[in-house]
Amino acid sequence: MTEYVTIIGNGKMGRTLASYFEKSGISVQKIGRQVEDILGKIVILGIPYDALEETVALYEDQLDEKILVDISNPLDYQTKTSVLADDQSSSLLLAQKYPHLRLIKAMNTNFSSSRMTAGDHPLVLVAGNDASAKEAFSAVLQAANFQL
Ligand SMILES: NC(=O)c1ccc[n+]([C@@H]2O[C@H](COP(=O)([O-])OP(=O)(O)OC[C@H]3O[C@@H](n4cnc5c(N)ncnc54)[C@H](OP(=O)(O)O)[C@@H]3O)[C@@H](O)[C@H]2O)c1
């Protein structure tokens, strides 16, 4: 299977996920702060919650046909508490603002320092309303040896 995944954000999660995909022969486009043409059909947002909106806005005109994956935990890392109300989520807010995007929530329960590296087949939870987007993303995850 030859796939192309784009990861925006070269931090702990971005680097860890890239190595998982690359180990399985999946090509990864790694984007940092410089805006680039997106090559992957699947675009993983490996950036902090507070950078999500501005990043989606920057790339909005390139995201129509893409599958966008939000992995963020909207936390205040000083207090370890959510910055959102209990009935809100980062993906819900993105979906409300950009209802046309094919949005998935995944990997926010995978930790770059432990579960992502501890086993060969980390378990990933995949959520979203777009069944075909979930199916396409799940196929790439399975090709990269993740468990669903
Ligand atoms: N760490 C975990 O175990 C873990 C687990 C599950 C989910 N998450 C989620 O994964 C996301 C990334 O976490 P992380 O631990 O990888 O954080 P991190 O190591 O701090 O990396 C964040 C990366 O995002 C980049 N970035 C920030 N704003 C950006 C922007 N506007 N455009 C492009 N890149 C930008 C940073 O670039 P600079 O280096 O230039 O600042 C940095 O490379 C977060 O939403 C977090 O909640 C993390």
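The values are calculated or read from the model by the stated rules, or taken from the named source; none is laboratory data. These numbers were taken from a predicted model, which means no experiment stands behind them. Every residue, glycine as well, gets a Cβ built from its backbone with ideal geometry; the counts of neighbours run over all protein chains shown. Please note that ligands, DNA and RNA were not included when accessible areas were found on the heavy atoms of the full protein model with its side chains. Shrake-Rupley method; radii C 1.70, N 1.55, O 1.52, S 1.80 Å.
May I ask you to derive the relative contact order of region 4-143, considering only C-alpha pairs under 8 Å and at least 6 residues apart, and to give it as an integer percent?
20
Relative contact order for region 48-119: what percent, with Cα pairs under 8 Å and sequence separation of 6 or more?
With pairs under 8 Å counted, the relative contact order is 36 percent.
For region 75-148, rounded, prolate or oblate, judged on the Cα gyration tensor with a ≥ b ≥ c (square roots of eigenvalues), a/c < 1.5 rounded, else prolate if a/b > b/c?
oblate
Just subtract the alpha-carbon distance of Glu53 and His100 from 0.36 nm times their residue separation and send over the number in nm, one decimal.
15.4 nm
Would you mind checking Lys12/Lys97; Lys30/Lys66; Lys23/Lys80 for any pair whose Cα atoms are more than 24 angstrom apart?
The pairs that break the limit, which is 24 Å between Cα atoms, are Lys12/Lys97; Lys23/Lys80.
Pulled fully out, how much extra length does the chain show between Ser24 and Glu36, if you take 0.36 nm times their separation in residues and subtract their Cα-Cα distance?
Full extension from Ser24 to Glu36 adds 1.9 nm.
List every DSSP H helix in the chain whose Cα atoms extend 15 Å or more along the helix's own long axis and whose mean Kyte-Doolittle hydropathy is at least 0.0.
Helices meeting the span and hydropathy rule in the chain are 131-143.
Could you please state how large a percent of the accessible area of the chain is carbon and sulfur, counting protein chains only and using a 1.4 Å probe?
Percent of accessible area from carbon and sulfur atoms in the chain: 48.
Can you compute the helix-only [θ] at 222 nm over the chain? Use -39500 (n - 2.57) per DSSP H run of at least 4 residues, normalise by all residues, nearest 500 deg cm²/dmol.
Counting only the DSSP helices, I get -8500 deg cm²/dmol.
Probe 1.4 Å, all protein chains in place: accessible area of Ser19 in Å², nearest 10?
Approximately 60 Å² of Ser19 is accessible to the 1.4 Å probe.
Between Asp76 and Leu125, how many nm apart are label points set 7 Å from Cα along the C-beta direction?
2.3
So what is Rg over Rh here for the chain, counting just Cα atoms and using Kirkwood for Rh?
Result for the chain is an Rg/Rh of 0.93.
Just the number please: accessible area per residue for region 4-143, 1.4 Å probe, all protein chains included, in Å².
On a per-residue basis, region 4-143 sits at 54 Å².
Given charges of +1 on the Cβ of Lys and Arg and -1 on the Cβ of Asp and Glu, with all other atoms neutral, how large is the dipole of the chain about its Cα centre, in debye to the nearest 20?
Here the size comes out at about 520 debye.
Expected output is a single nm value to one decimal: the length gained when fully extending between Ser138 and Ser112, i.e. 0.36 nm times separation in residues minus the C-alpha distance. What is it?
7.4 nm
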